[in-house]
Structures are given as C-alpha cells and as structure tokens.
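Data block below; observations after.
We did not get these values from a lab; they are worked out from the coordinates using the rules stated. What you are looking at is a predicted structure, and each value in this text was computed from that prediction instead of being measured. Here the Cβ positions follow ideal geometry from the backbone for every residue, glycine too, while neighbour counts run over all protein chains shown.
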C-alpha cells in the first residue's frame, strides 16, 4: 500500500507519530521521534527542567579538603589528590601486600626459571586458564613459597616452586583471596 501510494500520489504515508505534538509524519529510516516542527524539542535545561534534582552534590576532597561537585562517588577532587593520598597511605604497613620491609632479590637464575615456567605452563594462567593471547601479555610467574621465606633467594627460584598466573589471579593469591595448592611437581 505504501509503495502504491507514493507511486500514484507522489507523497509518502506517515510512519511515525511525533512524541511532542502527536502529529503523524514520514521518516525514511523510521528512527525520529519528533516531527520537523518539534525537532529538536525545546527541553529546558538546568533548574528550568522538570527533572531537575539540584545538580551535582557538593562534597569535600579527602586529601586536600577542597570542596567540589560531582555525581560520582569520589573521595578526591582530582587524580592528583588521589595519587598523593595513595602514595602516602597505601605503603608500608598500610599496603595489604606489605611484608615487613624485606628486600626481595630477583637475580641469578630467575630469568631462566621464569622462561621455563611459562613454557611448561604453556603461557597459560594455571588458576583461571587465560592464555597469553587472551591476556595480551605473558602471565606472571608466582613463587608458591615466597622468596622472603627462604634464606637465599636462589632457593626460591626453582621450577617446582613457581607457577604461571594472570595478573588478576596473581593479585588474588598475594592478598589471600585465592589459594594455589602447589606448583607443578
């Protein structure tokens, strides 16, 4: 019927109804919600808008004390304040990964053991199964018994004490949210 009407009469039948005024109109792609007279709709902004809820709430930065407005649940007014807070707060015993200030050495055979572990584990996380291609990088190599628990770092750098993990699983293991039974024996 639409094709006949256009061919016989030269105009198209309406296929849309304007959301603002209710007038019927034709739209080639059937996407528009307003007719030409109402498009773009004149919706008041700011306090004149019927949906106005007071704007961005005012809050205070946890680091510098500045007052700022945001819709987000932020504690900091800027990335700079967040970074400064992080570097001052989440270090030493404030960091969940803090282990009492032990310096860990990755020297000697570590590079070769790491290479062998990745090859042995087929460059795949041994916890979740994510591959190197899926990760977009090599998986981390985790010490099952930490280097800090050995008298000599070289004692920790053994193939039977390391396992490949993706970054996500590695972090979970380090903070105690995921347990790895043992490395390959």
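Laid out as a table, the results:
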{"quantity": "Segment residue 73-residue 37, extension gain: residue separation times 0.36 nm, minus the distance between their alpha carbons", "calculated": "8.9 nm"}
{"quantity": "Label-to-label distance, nm, for residues given as residue 175 and residue 137 (7 Å Cα→Cβ offset)", "calculated": "1.7"}
{"quantity": "Equivalent ellipsoid semi-axes - Cα gyration tensor, region 110-175, angstrom", "calculated": "21, 13, 8"}
{"quantity": "Length gained when the stretch residue 82-residue 20 is fully extended (0.36 nm per residue, less Cα-Cα span)", "calculated": "17.8 nm"}
{"quantity": "Cβ-derived FRET efficiency at R0 30 Å, residue 13 paired with residue 53, nearest 0.05", "calculated": "0.15"}
